[in-house]
Amino acid sequence: MKRTLREQIGELVKMNVAEFQQQYRDVFGEEPASAHRQFLFRKIAWRVQADRGGGLPESVHEIARAIAKDAALRIRVISNADKRRAGIPLEQTVTTTISPDHDSRLPMPGGLIVKQFKGQTIVVKVVDDGFEYGDRRYSSLSAIAQEITGTKWNGFLFFGLTKEKTNGRR
């Protein structure tokens, strides 16, 4: 007679550490990494439930592989799904990462950079080929900062777009 999942888990609860270690060897085919009773109970109970329920779906295995390979998850999953549909074995494929075309410190084209300077609100619009301030186009934020202050500035620093604080100026 086949035992229910509840009965199998109930039997696990009654085991001591030595019995858990032997059960672990039987279930996983290797020596347990720990002799901690609760750890062994959870690992074996998880395996019993996974075996009963058919294990994890392939999509979960795919996500785990992508995380393990430190890949861009969404790109890898979509790419691998396309390859699987085309019948290409995954181990015979090559993937790469995609780098954005713009500086990550800046908003996307069409976005605004706003700065308060000497009681004045400065608004700079990011465009595809530079920046708009007032009714002029500039190729860099540094040029706009120099126009406003009359002195040379690092544009990212002046507008507060640096990733870290530098020398207390922000």
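Computed from the coordinates by the stated procedures, all read-outs in this text should not be read as laboratory data. What you are looking at is a predicted structure, and each value in this text was computed from that prediction instead of being measured.
Work the Kirkwood hydrodynamic radius out for region 5-53: mean of 1/r over every pair of different alpha-carbon atoms, inverted, in Å. Intermediate results must be reported in sequence, preceding the final value.
Details: mean 1/r = 0.0937 Å⁻¹.
Hydrodynamic radius (Kirkwood, Cα pairs) of region 5-53 is 10.7 Å.
For ASN16 and HIS36, calculate 0.36 nm times their separation in residues minus their Cα-Cα distance, and state this gained length in nm to one decimal.
6.2 nm
At q = 0.16, 0.20, 0.29 Å⁻¹, what base-10 log of I(q)/I(0) does the Debye formula yield for region 112-158 when every alpha carbon is treated as an equal point scatterer in vacuo?
So the normalised log intensities work out to -0.37, -0.59, -1.24.
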